[in-house]
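The values are calculated or read from the model by the stated rules, or taken from the named source; none is laboratory data. Quantities reported herein were computed from a predicted structural model and do not represent experimental measurements. Quick reminder, even Gly has a Cβ in these numbers, built from the backbone with ideal geometry, and neighbours come from all protein chains shown.
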Amino acid sequence: MKLVYSYYVLDIVHKGHLLMMRNAKAIAGKDGKSIVGILTDTAVMEKKEKPILSFEERIELAGAIKYVDVAVAQETYSPLPNVMRIRPDILMESTSHDEEAIEKAREYMESINGKVVVLPYFPAQSSTDIKNNIIEKEIRPKIK
C-alpha cells in the first residue's frame, strides 16, 4: 500500500488545492492512502497571518474531500516532523515552497527509499489573492 503525504493551510479551499489532492490520490493508487496534513494556526503563523477559519474547521473540511483518506494535524510549517513519523512513500510538494526546504525533504525521503513529487503552483488559485480580492471589493467605492 502506497502512502502519499501532502499538506495545506486550507483557509480558503480552491481548485489548486483540489488539483494537488487529486494528484496525490492518483499517485497513491486505488489501494493506497492519501494523507493530508493541515497546518495548525501556530504552524501557519511561522510564515503567514493567522487563518480566518479555525483549525478545527479546516481539518474537518479536508476530511470531507473525496481525495483525502486521512487528515492529520501538522504542528510546524515544515512537513518533516509528520513525514518522519508517518514515513510515506511519496511527499507532495509545490513549486511555491522554498527550494531549500524541498531539498531537505528530498534528502530525508531518499533516506527512507521514498521520493518527493513537486507539482507546479497554480498562481491563478491563491488563497492570499482570493482574500485580497474580497477586501478590495469591500473597500472599493460602489459605482452607481
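Restricted to segment 16-26, and to residues that are touching a residue at least 12 places away in the same chain (Cβ under 8 Å) and out of contact with any Ser or Thr (no Cβ under 8 Å at 6 or more places or on another chain), which residue is nearest to Glu75 (Cα to Cα)? Before you say what the answer is, go through the steps one by one.
Initial filter on segment 16-26 (touching a residue at least 12 places away in the same chain (Cβ under 8 Å)): 16-25.
Checking the rest, the ones that are also out of contact with any Ser or Thr (no Cβ under 8 Å at 6 or more places or on another chain) come to 17-19, 22-23.
Numbers: His17: 19, Leu18: 22, Leu19: 24, Arg22: 23, Asn23: 24 Å.
Only one residue fits best here, namely His17.
Of all residues being touching a strand residue (DSSP E or B) at 6+ places or on another chain (Cβ under 7 Å) and outside any helix (DSSP H, G or I) in segment 99-122, which is modelled with the lowest pLDDT? Just the residue, please.
It comes out as Tyr121.
Picking from Lys48, Lys25, which residue would you name as being of a type in the set (Lys, Arg) and more than 18 Å from Val118 (Cα to Cα)? Spell out how you get there, then give the answer.
Working: Lys25 fails: more than 18 Å from Val118 (Cα to Cα).
Step by step, each of Lys48, Lys25 is checked, and only Lys48 is of a type in the set (Lys, Arg) and more than 18 Å from Val118 (Cα to Cα).
Take the residues in segment 1-18 that are under 16 Å from Ile90 (Cβ atoms) and among the aliphatic types (A, V, I, L, M); name whichever of them is surrounded by the most Cβ atoms within 10 Å (Cβ to Cβ).
My answer is Val4.
Restricting attention to segment 59-73, which residues are of a type in the set (Asp, Glu) and over 18 Å from Pro88 (Cβ atoms)?
Kept after step one, since they are of a type in the set (Asp, Glu), are these residues of segment 59-73: 60, 69.
Passing the criteria: only Glu60.
Yes or no: Val13 touching a residue at least 24 places away in the same chain (Cβ under 8 Å), within 13 Å of Ile86 (Cα to Cα) and under 13 Å from the mean Cα position of the chain (by Cα)?
On the way: touching a residue at least 24 places away in the same chain (Cβ under 8 Å): yes; within 13 Å of Ile86 (Cα to Cα): no; under 13 Å from the mean Cα position of the chain (by Cα): yes.
When the stated conditions are applied, Val13 does not pass them.
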